[in-house]
1. Are there any pairs, at least 6 apart or on different chains, whose C-beta atoms fall under 8 Å, with the first in region 115-131 and farther than 11 Å from N65 by Cα and the second at pLDDT below 85, and if so, which?
2. Within the set of pairs 6+ apart or on separate chains, which have a first residue in region 18-38 that is within 15 Å of D87 (Cα to Cα), a second that is in a loop (DSSP other than H, G, I, E, B) and not polar (S, T, N, Q), and C-beta atoms under 9 Å apart?
3. Kindly provide the set of residues from region 259-300 that are surrounded by fewer than 21 Cβ atoms within 10 Å (Cβ to Cβ), farther than 16 Å from I113 by Cβ and not small (G, A, S), ordered by number.
4. For region 163-237, give me every one of the strands (runs of 3 or more DSSP E) that falls completely inside it and has 2 or more residues that are among the hydroxyl-bearing types (S, T, Y).
5. How many residues are over 16 Å from T278 (Cα atoms) and either free of Cβ contacts under 8 Å to residues at least 60 places away in the same chain or surrounded by 24 or more Cβ atoms within 10 Å (Cβ to Cβ) (or both) when one looks only at region 213-236?
6. Working carefully through the options D283, D266, D239, find the one that is touching a residue at least 24 places away in the same chain (Cβ under 8 Å), on the phi > 0 side of the Ramachandran plot and not β-branched (V, I, T).
7. Would you call V281 within 15 Å of the chain's Cα centre (by Cα) and either among the aliphatic types (A, V, I, L, M) or farther than 23 Å from M157 by Cα (or both)?
Amino acid sequence: MTTIKDIAAAAGVSISTVSNVLNQKSNVGQETKERILRLCTEMHYIPNAAGKSLKTGESKTILFNFSDFDRTFYLKIIEGINDYAGDNGYDLMICTTKSCEKYMYNRLTDGCIILDGRMEDKTLLRAASEHYPIVVLDRVLPNPYIKSLVVNNYDPMTELVEGIVQRGYRTFAFIGGIEHTDDNKERFQAFIDVLARHRIPFRREHYFSGDYRERSGYQAAKICMSAPKLPEIFVCANDNMAIGAMKALHERGYRIPADVALTGFDNCERAAMVGLTTVRVPDYERGYLAASSLIENIRGKHNVEPMKLTAVVQWRESVGVQVS
């Protein structure tokens, strides 16, 4: 099991510096803080919660479970969770995929935050209880001990596609994420609804299934390029897939947006670097509010009313002005 000493060695800092970051002390620079939090995620650092649990009947630790396909995507969310948790005397345990479930029992954690499409609903419904509240960031579940805090995908995707249509684009491809996830369903529904309102046809063969990873966007663009004619624009369900598609198009010599345009969703760290038009999701705020809701429910507030966060379109160079 990774120790605080291992984190300090990997970060090239003292053990006390790591401890200060984990305990929300203000005497550590932002760059160092981000590096330490990133290493805690990558090295699966788990605070020593067992001792606290035996003494007090509670661990004073919350769990965050996420998919591990792109850890940089989660850094701002983790920062938000960690800031609120630390300010309120809680430690943060970070896990990926199914390794999470074993920490949801045995009083190792007092509650958890979930952002992992591969975590099955039945697992969460089984774990949630009056003494173990859960906050989910990627779905809505009907349970008196589970609070849903999700992004409003439909409205910003509607605004994005309306803006694309107003710029004159008429032939589209859509690169979707994991199909059963609420995020993908809402983003695709908004896309289809806007095209329908403008009577713009969309052929099902121009829908490509991805998994939110860069590689799947790359492969989708390669497949699309085997057709006689490219669409004018790829609308992608997240930034990673858009960046993968962009890479494939550049390899073939296509210019963006002169030859083909692209959009993403999430506003990941690399989106600004490559000039990707996207939707900016308030990830730090999402993490902070999730931790706030969870800890309030651990303390007995019992607020499980679903909450939707606002996201906004970020126009950049990957979408130009087309001539109809």
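1. T123/E101; A127/E101; A127/M104; A127/Y105
2. The qualifying pairs are S19/K25; N20/V28; V21/V13; V21/V28; L22/Y45; L22/P47.
3. D259, E269, R270, M273, V274, R280
4. 207-209
5. Result for region 213-236: 15.
6. D266
7. yes
Per-residue answers, yes or no, for (1) in contact with a helix residue (DSSP H, G or I) (Cβ under 6 Å, 6 or more places away or on another chain); (2) of a type outside the set (S, T, Y); (3) not assigned by TED's automatic domain parsing to the domain that holds T61:
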{"residue": "Y288", "(1), (2), (3)": "yes, no, no"}
{"residue": "S293", "(1), (2), (3)": "no, no, no"}
{"residue": "N297", "(1), (2), (3)": "no, yes, no"}
{"residue": "H302", "(1), (2), (3)": "no, yes, no"}
{"residue": "Q314", "(1), (2), (3)": "no, yes, yes"}
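The values are calculated or read from the model by the stated rules, or taken from the named source; none is laboratory data. It should be emphasised that the depicted structure is a prediction, and the values quoted were computed from it without experimental measurement. Here Cβ is always computed from backbone atoms with ideal geometry, including for glycine, and neighbour counts include all displayed protein chains.
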